[in-house]
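Structure first, then comments.
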Amino acid sequence: SRVLDIQNEYIRARFDPDTGFLVELENLEQNLLLPVRQAFYWYNASVGNNLSTQVSGAYIFRPNRQEPLIVSHWAQTRVVKTPLVQEVHQNFSAWCSQVVRLYPGQRHLELEWTVGPIPVGDGWGKEVISRFDTVLETKGLFYTDSNGREILERRRDYRPTWKLNQTEPVAGNYYPVNSRIYIRDGHVQLTVLTDRSQGGSSLRDGSVELMVHRRLLKDDGRGVGEPLLEEGSGLWVRGRHLVLLDKAQTAATGHRLQAEKEVLAPQVVLAPGGGAPYHLG
Amino acid sequence: SGDSAPLNEAMAVLQHHDAVSGTSRQHVANDYARQLAAGWGPCEVLLSNSLARLSGSKEDFTYCRDLNISVCPLTQTAKSFQVTIYNPLGRKVDWMVRLPVSERVFDVRDPNGTIVPSDVVILPSSDGLELLFSASVPALGFSIYSVTQVPGRRPHAHSRQPRSQKSW
C-alpha cells in the first residue's frame, strides 16, 4: 500500500512506504501536524585520538566522530490492525527492531524497541541511539529531568555557571534523562518519555536522541578494569519510548499524567482460578 | 510466610550507580541481579497473601516475569485463568492487558461477569499469539478478570495484513 499509517481518535502516525520509517505525527485533537523522522543510529566508539588517549568505555561516552552511522536505510515493515490495537512492526537489522503502537483512547505513540546483541565482530565498539528529527526551531534548547529532580533547560555547548570550552561536541552535550526529554519552538512541543534512565541530547535544532544500548571493546581506564562487553553474544535490550505531540502551553498536563502511569504502572498477577475461600480466622 | 525485607535490602544495594550504569565488573553485575531475583521470591509470597486476604480467595498466584518477551507458561497452557490487575496509582486507569496465549478464541469477563471486547493478534516476529483486552482498575485497588478458552468457535486471530476489522 502507498499509505502506511496507524490512527486512533487522538493520534495519527504516518510512515514512509518506501523506507518504513516514521515520518509524520499528527495530534488530531489539537490539529497539530509535525514531520518527525525516527530512526536508529550508532556511534563508533573512540579508541583514542591525537587530542586525547581517552577511549569510550563504561564511564566515558566518547564517539570517534560527530555523525552517527544509520543502522539501516530502510525497515522491513508489517502492519497489524485490530479494533484493540494498531501496530507497525519495523525490522531494521538482525539486531535492531521496533514496534510502533497505538491503542484506542491513547494520547501518545508507543515505540517498543528491541536492540541487541550488538555485533562487534568488526572490531568497533557501538553506542546505539534512537533519534527523532523534526523541523522545530528550538534555538539550541532542550529539556531533560535530571536525577529525579525538576526538569532543567539545557543549552547546546553551554553551561550556566562557567564559560565552556566545548571539546566533545557529542558527549559534551549529553545529559541524564531519567523519565523525559522534550523540545519545543514556543508553539509545539515534542516529548519523549522513557521507561528507564538513559543518556540523551539534542545535537541539532529540532532533533532529540536517546542512547538505548552500548557495547564497547576497550576499558576506559576509570576504575572498572574491563570493557563494557557482556560475556557470550551480548545482551538483548527491550524498552519503550512514549512520544507526545502537544501545544507547548498545555504539554505538561499530558506528559506528567502519562509519566505517572508509567512509573506506577499496573501490576499483573495470574491464577488458574478455583481457589478456596480465604478467611482471616 | 512472605517477606519484603530481602527485596528492600536488594533495592537499597542497587541504589549504587554501578547497578544500573554498567560501571561494574561483570561478576559484580551478576551479583546485583542475583540479589534482586532472590529478593523478589519472598515478596511474591507476601503479595499472594495480601491478594488472598483482599479478594477473599486463596489462589495459586503466578507472576509471569517474562511477559516482556511474551512468555508465560500459565496463560499459554491453561484453558481458563484469572488475571488480577493491581493499580498503585491514586486514580482510576484503563490499561491494555497483553498476555501470550496458544489458542485463538477466548471469552474475557470483567469483575461483574460481563464479556469485554478482546482480540488475539499474531506477533509477526515470532508467529506467537497474544490476547489483548482493556482492563479498568480503580484507584489504589485491583480488578479480577476471568479468561476462558472457547472451543469450537471460528478463530478470530488477526492476520498481518493492514486491513480494518469490524469491532466486536
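Since every read-out is calculated from the coordinates, none of them should be taken as a lab result. Keep in mind the model is a prediction, meaning the values are calculated, not measured. Backbone-built Cβ (ideal geometry, glycine too); neighbour counts: all protein chains shown.
Give a residue-ordered list of calculated ³J(HN,Hα) values for segment A:28-37 (Karplus: 6.51 cos²θ - 1.76 cosθ + 1.60, θ = phi - 60°; whole Hz; x for Gly, Pro).
Residue by residue, segment A:28-37 yields 6, 5, 9, 6, 10, 10, 9, x, 10, 9 Hz.
Where does segment A:82-209 land on Rg/Rh, using Cα atoms and the Kirkwood Rh?
Checking Rg against Rh, the ratio lands at 1.01.
Could you list which residues have their amide H under 5 Å from that of B:Ala135, counting only those 5 or more apart in sequence or on another chain, with H placed in the peptide plane?
When sequence neighbours closer than 5 places are left aside, the close amide H contacts are B:Trp95, B:Met96, B:Val97.
So what is the relative contact order for chain B, in percent, with contacts set as C-alpha pairs under 8 Å and at least six apart?
20 percent
State log₁₀ I(q)/I(0) for the protein assembly as shown at q = 0.09 Å⁻¹ as given by the Debye formula over alpha-carbon point scatterers of equal weight, solvent excluded.
-0.65
So which chymotrypsin sites (Phe, Trp or Tyr not before Pro) in segment A:164-267 pass both tests, a DSSP loop state and at most 16 other Cβ atoms within 10 Å of the Cβ?
A:Trp236
Around A:Tyr10, which amide H atoms from residues at least 5 apart in sequence, or from another chain, sit under 5 Å from its own amide H, with H modelled in the peptide plane?
Under 5 Å from the amide H of A:Tyr10: A:Gly105.
Contact order normalised by length for segment A:161-246, with contacts defined as Cα pairs under 8 Å and 6 or more residues apart; what percent is it?
Reported as a whole number, the value is 28 percent.
If you average 1/r over every pair of different alpha-carbon atoms in segment A:1-138 and take one over that average, what Kirkwood value in Å do you get?
Numbers: mean 1/r = 0.0599 Å⁻¹.
Its Kirkwood hydrodynamic radius stands at 16.7 Å.
Quick one: which residues, 5 or more positions from B:Asp3 or on another chain, have an amide H under 5 Å from its amide H? H modelled 1.01 Å from N in the peptide plane, none for Pro or chain starts.
Long-range HN contacts for B:Asp3: B:Cys43, B:Val45, B:Leu46.
List, in order, the whole-Hz ³J(HN,Hα) value for each residue of segment A:55-67 obtained from phi through the Karplus relation with A = 6.51, B = -1.76, C = 1.60 and θ = phi - 60°; use x for Gly and Pro.
Computed from phi, the couplings for segment A:55-67 are 9, 6, x, 4, 8, 10, 9, 8, x, 8, 8, 6, 8 Hz.
Could you grab the relative contact order for segment A:69-142? Cα pairs under 8 Å, six or more apart, rounded to a whole percent.
Relative CO of segment A:69-142 lands at 18 percent.
Spelling out what I want: for every residue of segment A:105-114, take phi, set θ = phi - 60°, compute 6.51 cos²θ - 1.76 cosθ + 1.60 (Karplus), and round to whole Hz; glycine and proline get x.
Calculated HN-Hα couplings, in order: x, 8, 9, 9, 9, 9, 10, 9, 9, 10 Hz.
What is the ratio of the Cα radius of gyration of segment A:1-55 to 2.2 N^0.38 Å, where N is its residue count, to two decimals?
Values: Rg = 18.7 Å, N = 55, 2.2 N^0.38 = 10.1 Å.
Normalised Rg, Cα atoms only: 1.85.
What's the angle, to the nearest 10 degrees (0 to 90), between helix B:26-55's Cα axis and the longest principal axis of chain B?
60 degrees
Taking the 0 to 90 degree range and rounding to the nearest ten, how far is the long axis of helix A:251-263 tilted relative to the main principal axis of chain A, both from C-alpha atoms?
The helix A:251-263 is inclined about 90 degrees to chain A.
With 26 Å as the limit, write out which pairs from A:Lys139/A:Lys218; A:Lys81/A:Lys247; A:Lys139/A:Lys163 have Cα-Cα distances beyond it, or answer none.
Among A:Lys139/A:Lys218; A:Lys81/A:Lys247; A:Lys139/A:Lys163, the Cα-Cα distance tops 26 Å for A:Lys139/A:Lys218; A:Lys81/A:Lys247.
For segment A:149-281, count all C-alpha to C-alpha pairs, find those more than 25 Å apart, and express that count as a whole percent of the total.
Taking all Cα-Cα pairs of segment A:149-281, the fraction more than 25 Å apart is 48 percent.
Dipole of chain A, Cα-centred, from +1 at each Lys and Arg C-beta and -1 at each Asp and Glu C-beta, to the nearest 20 debye?
Once rounded to the nearest 20, the dipole reads 300 debye.
Give the residue from A:Ser201, A:Ser146, A:Gln76 lying farthest towards the positive end of the charge dipole for the protein assembly as shown; charges sit on Cβ (+1 for Lys and Arg, -1 for Asp and Glu) and the dipole is referred to the Cα centre.
The residue sitting farthest along the positive end of the dipole is A:Gln76.
Given chain B reduced to its alpha-carbon atoms as identical point scatterers, what log10 I(q)/I(0) does the Debye formula return at q = 0.09, 0.20, 0.21 Å⁻¹?
So the normalised log intensities are -0.42, -1.32, -1.38.
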